[in-house]
Each structure stands twice: as structure tokens, then as C-alpha cells.
Amino acid sequence: MPESIRPDEPDHSSDFVTVAVFDDQVNANIVAGRLETEGITVRMKDNHLVQMDWLYALTVGGIKLQVAQTDAERALGILRDDYSDCLPTF
């Protein structure tokens, strides 16, 4: 059995919840970076599958951006913030 698999350790995958879903890797990475900047641990589910072939996004429901349940409210608040007033006008 590989060392990375330890059956005696609990599975914490249920401790993460999906806060956003994306069809493409670029936007998922931008938002993940924003949350990580705020100190929130982020993980992406199905990103490698969608990256192989974007048609898989339809099958698996897109790239899921997940955070710990304890960070979910804060993450959703950050995602709701609108920074468009900070953009320069030309």
C-alpha cells in the first residue's frame, strides 16, 4: 500500500463545501487566488478533468471551488464584494 494512503486517518473531504462553480480553469484560478490572498484555504474539484477536455465540464458540473465549512460564509462574502468602483475610468 502506498505511504500516502492511510486508512486509519479520517476522511476530511466532507469538511469542504463548494462556494463557486466555473466552466474554465482561468476564472477558477483567479477567484481561488483572491480567496487565498484573504487567508482562506481553497481546493478545486474536477479541475484536472475539465482541463483535459472542456466538454467534461458539462458532465461533472464544472470546476468546483471549495473551502472549509468554517470559512464558507467569509468566502461567500468576499465573492459578493464588487470592486468595480476601484477600476480606473478612461
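Table for the structure above
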read-out	value
Label-point separation, Cys86 to Asp24 (7 Å along Cα→Cβ), nm	2.3
For segment 13-79: relative contact order, % (alpha-carbon pairs under 8 angstrom, 6 or more apart)	46
Beta bridges per DSSP with both ends in segment 13-79, % antiparallel, nearest 5	100
Principal semi-axes in Å for segment 13-79 [√(5λ), Cα gyration tensor, largest first]	21, 12, 9
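Laboratory data are not the source of any read-out in this text; all were calculated from the coordinates shown. In this text the structure is predicted, and so the values were computed from the model without any measurement. Counting neighbours? That spans all protein chains shown, and the Cβs are built from the backbone with ideal geometry, glycine included.
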